[in-house]
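The values are calculated or read from the model by the stated rules, or taken from the named source; none is laboratory data. The structure displayed is predicted, hence computed values, not measured ones. All Cβ positions, glycine included, derive from the backbone under ideal geometry; neighbour counts span all protein chains shown.
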Amino acid sequence: MEREFEGKKLLILGGNPETMPLVEIANEMGIKTIVSSARHTDPAKKAAWKSYDVDGMDVAGLVALAKEEKVDGVLVGVADILVPAYCKVCKALDLPCYATQEIVEVFSYKDVFKSTCERYGVHGIPEYYLDGEMRREDLDKLVYPVMVKPVDNGGGVGMTVAYNEEELRAAVSLALEHSKRKRFIVERYMECEDVGIYYTFKDGECSVSCIYDRYTTDKQPGFSKVNLGSIYPSKHLEDYYKRMHDNMVRMFREIGIRNGVLLISAFYEKGEFYVYDPGFRLQGEAPHLLMKAVQGFDQRKLLIRFALTGSEGEIDLKRMDDVTLRGKYAATLWVLLRQGRIKSISGLEKIENDPRVVDNVQRLYEGMTVEPSWIGTEKQVMTRLYLVCESMSELRETLLACEQKIKVFDENGNDQVLEWLKLDPSAYGKGQETGKRTAVITGGTRGIGFETARALLREGYHVAVIGRNPSRAKEAALKLGDCCKGYCCDVSNVQEAEETLKRINQDFGSIDVLINSAGILDTSRLDTLTEDEWNEVLDINLKGTFFMMQKAVPYLEKAAFPRIINISSNAGRMGGYENGLAYTASKGGVIALTYGAARRLASKKITVNCVSPGTIVTEMVEEGYDDEAKQKLIARFPVGRMGRPMEVADAICYFASEKSSFTTGAVLDVNGGMFMG
């Protein structure tokens, strides 16, 4: 454990059990942790270097404490209600803060959050107008059941489901009691799937770290639903990117988020997301513990570093963050208890020794009492277990092992566990059932193919990269992560192509997208081009493209929305300049193949499109052209430069997506204006 901050003092606001892992990691970094909260008995205080009983919302008291202790940084723990105070304390002390007042307004108050999201085309939960006066005309418009919430609290605190007017009035009183701003909202009670979307921000870059499906208990009618656990990655991952991601990123950018971590919760109903309850801080569910185990970076450290230095460090989110969890399957398992005093807990130590259990955050212990007021809130969570497995079937087995081994009994000898998370075997499976599609990329070990693989992995795909060099194929797959596999194949060899596609389908369970990016360049003059050179270029660039398409069709036919994307070139559109005519002919042939295949495969619902790049800065170009030839090429681009592989990958990703469902037989020029036609 690095200890570069040895002896630095960090003030942490809030002392609940969920804040304990933050305190512990700071201690391991050699930091002197100071935890402050109103309750003397808060668990996180036990792990701190020092603790105080100054309320986490007492800004003046916290500022005085920070000055007295000469702290080097301030950080909010796991409590939404403390984020506004955190922002004000940092400002008063002139210390780094990942939030601004505008950001706090948006994410700390549910009504402000909802109205902001609507401005960016993101739906909030349908809401009824009702204020403290409870006018009869407003009451008569309600359709029960409804959810009543304080605008500025979380974790289920102050939230109630009301089934009639009498319950509504009681629910409003409770919500106001738990609202510092004395504001509440009344929403439609959502009975549908629940999703969590967790983001990491660094210097203005937004990365989706994980998306997961929540499963809640329905055994506590009248109370807010509490999690039984969550499954990663979400089966709705692809729909998130299709329907919501771009608008969310635009909103984040325009309200000024640059650093920090953020959870957005959303209900999923009939293909639409309805967002609710944001949290601009570490989460009680602690998905960062799973990310640490799988991704290899720790959000707690990022936030601690930022609090002490104003920077999250040198982490490369594009390389390390992977919303698909590198092909693994994970869960958080919440052990919820019924009301009563806990007499005995057994089996946890056995589960903790299971290598698939990467962490355990316990809140309740023998002798403690689950109070009536805790029901319907996260306070009734005894412990959260964090599981990482290689397959969904292994995850189901691990969840069952937890249920069988962990036993909790109350004073009367009754089983105190409310309910266990159980997964419907049909809910998750291979390929598209998990929200993942499989893309096959020839020439995927470098250049445009490699960048396309990276882009598709970020969007939640499984990726198979194909290259002629076995060591290069293996190296590329290692760089790209666990959701990618490398395959050695000469695409000009029809038998190899057929066998490789068969292996890929067996390994991943489906083939949904074929991207023909394999290609070689020739720069021979018309009068010196040999027959062998001609055959080699045409065999790989044209023959390889055709037979990969032909052999992939039986697998693509079974996909939900199958795609073929061929990569041509400017040379195939207008003859080229510095390249040889074998290359020109092969790339012109790829365009012709695209037109013909699109027409013939349309009845099978397979779209076939083509991306035609200009000169792109890749190894092939660097090796194929000398400096003089490259300068001549650059001079012909109206934009004054060559293209970048990622710019072509973005176009390919569009054709691979469901957004392109009405597009087939198209050629998209990505060429900086060199060819316009």
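A quick yes/no check of all residues on (1) closer than 22 Å to Glu459 by Cβ; (2) crowded, with 18+ Cβ neighbours inside 10 Å; (3) basic (Lys, Arg):
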| position | (1), (2), (3) |
| --- | --- |
| Ile515 | yes, yes, no |
| Asp527 | no, no, no |
| Asp532 | no, no, no |
| Lys551 | no, yes, yes |
| Glu557 | no, no, no |
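Looking only at residues in region 210-247 that are of a type in the set (S, T, N, Q) and surrounded by 22 or more Cβ atoms within 10 Å (Cβ to Cβ), which one is nearest to the chain's Cα centre (by Cα)?
Initially, region 210-247 is screened for residues of a type in the set (S, T, N, Q), giving 216-217, 220, 224, 227, 230, 234, 247.
Of the ones still in play, those that are also surrounded by 22 or more Cβ atoms within 10 Å (Cβ to Cβ) are 227, 230, 234.
Numbers: Asn227: 19, Ser230: 14, Ser234: 9 Å.
The extreme case among them is Ser234.
Can you tell me which residues in region 492-519 are touching a residue at least 12 places away in the same chain (Cβ under 8 Å) and either more than 36 Å from the chain's Cα centre (by Cα) or not assigned by TED's automatic domain parsing to the domain that holds Lys659 (or both)? Spell out how you get there, then give the answer.
Keep residues of region 492-519 that are touching a residue at least 12 places away in the same chain (Cβ under 8 Å), which gives 492, 494, 497-498, 500-501, 503-505, 507-519.
Result: Ser492, Val494.
I'm checking my understanding of the structure. Among residues of region 458-498 that are outside any loop (DSSP other than H, G, I, E, B) and touching an Asp or Glu at 6+ places or on another chain (Cβ under 7 Å), which one is farthest from Asp322 (Cα to Cα)?
Glu496
Looking at region 49-76 only, could you name the residues that are assigned to a loop (DSSP other than H, G, I, E, B) and either more than 15 Å from Leu308 (Cα to Cα) or touching an Asp or Glu at 6+ places or on another chain (Cβ under 7 Å) (or both)?
If the condition is that a residue be assigned to a loop (DSSP other than H, G, I, E, B) and either more than 15 Å from Leu308 (Cα to Cα) or touching an Asp or Glu at 6+ places or on another chain (Cβ under 7 Å) (or both), then Trp49, Asp53, Val54, Asp55, Gly56, Met57, Asp58 are the ones that fit.
Restricted to region 295-333, and to residues that are in contact with a Leu (Cβ under 8 Å, 6 or more places away or on another chain) and part of a helix (DSSP H, G or I), which residue is nearest to Cys483 (Cα to Cα)?
Applying the first criterion (in contact with a Leu (Cβ under 8 Å, 6 or more places away or on another chain)) to region 295-333 yields 295, 299-300, 303-304, 307-308, 312-313, 315, 322-325, 329-333.
Next, only the ones that are part of a helix (DSSP H, G or I) stay: 295, 299-300, 303-304, 307-308, 325.
Numbers: Gln295: 12, Gln299: 22, Arg300: 25, Leu303: 28, Ile304: 30, Ala307: 33, Leu308: 35, Leu325: 8 Å.
By that ranking, first place goes to Leu325.
Scanning for something farther than 30 Å from Tyr189 by Cβ, in contact with a strand residue (DSSP E or B) (Cβ under 9 Å, 6 or more places away or on another chain) and not assigned by TED's automatic domain parsing to the domain that holds Cys90, does region 272-279 turn up at least one residue?
For region 272-279, residues farther than 30 Å from Tyr189 by Cβ, in contact with a strand residue (DSSP E or B) (Cβ under 9 Å, 6 or more places away or on another chain) and not assigned by TED's automatic domain parsing to the domain that holds Cys90: absent.
For region 214-249, which residues satisfy the criterion of being at pLDDT 90 or above and at positive phi?
Gly229
Residue-wise test of (1) modelled with pLDDT of 90 or more; (2) hydroxyl-bearing (Ser, Thr, Tyr); (3) buried (at least 18 other Cβ atoms within 10 Å of the Cβ).
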residue	(1), (2), (3)
Tyr109	no, yes, yes
Ser115	yes, yes, no
Tyr120	yes, yes, no
Val151	no, no, yes
Glu165	yes, no, no
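I'm told Asp415 meets every condition in (1) acidic (Asp, Glu); (2) touching a Lys or Arg at 6+ places or on another chain (Cβ under 8 Å); (3) surrounded by 17 or more Cβ atoms within 10 Å (Cβ to Cβ) except one. Can you identify the failing condition by its number?
With (1) acidic (Asp, Glu); (2) touching a Lys or Arg at 6+ places or on another chain (Cβ under 8 Å); (3) surrounded by 17 or more Cβ atoms within 10 Å (Cβ to Cβ) applied to Asp415, the lone miss is (3).
Listed here are the residues, each with its yes/no results for (1) touching a residue at least 40 places away in the same chain (Cβ under 8 Å); (2) of a type in the set (Gly, Ala, Ser).
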{"residue": "Glu4", "(1), (2)": "no, no"}
{"residue": "Ala48", "(1), (2)": "no, yes"}
{"residue": "Val54", "(1), (2)": "no, no"}
{"residue": "Val71", "(1), (2)": "yes, no"}
{"residue": "Cys90", "(1), (2)": "no, no"}
{"residue": "Ile103", "(1), (2)": "yes, no"}
{"residue": "Asp111", "(1), (2)": "yes, no"}
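Of everything in region 10-48, what is over 24 Å from Glu378 (Cα atoms), in contact with a Lys or Arg (Cβ under 9 Å, 6 or more places away or on another chain) and not in a helix (DSSP H, G or I)? Give them in sequence order. Write out each step before concluding.
Initially, region 10-48 is screened for residues over 24 Å from Glu378 (Cα atoms), giving 10-11, 26-34.
Retained after the next criterion (residues that are in contact with a Lys or Arg (Cβ under 9 Å, 6 or more places away or on another chain)): 10, 26, 28-34.
Within region 10-48, Leu10, Met29, Gly30, Ile31, Lys32, Thr33, Ile34 qualify.
Give region 469-491 a look and list any residue that's over 29 Å from the mean Cα position of the chain (by Cα) and under 17 Å from Gly544 (Cα atoms), or say none.
Result: Asn469, Cys488, Cys489, Asp490, Val491.
Residues of region 498-514 being hydrophobic (A, V, I, L, M, F, W, C) and either more than 21 Å from Cys610 (Cα to Cα) or in contact with a Gly (Cβ under 7 Å, 6 or more places away or on another chain) (or both), which ones?
Passing the criteria: Ile504, Phe508.
Within region 515-529, is there a residue that is at pLDDT 90 or above and part of a helix (DSSP H, G or I)?
The answer is no; no qualifying residue exists.
How about region 172-198: which of its residues are modelled with pLDDT under 90 and within 15 Å of Lys225 (Cβ to Cβ)?
Of everything in region 172-198, those that are modelled with pLDDT under 90 and within 15 Å of Lys225 (Cβ to Cβ) turn out to be Glu187, Arg188, Tyr189, Met190, Glu191, Cys192.
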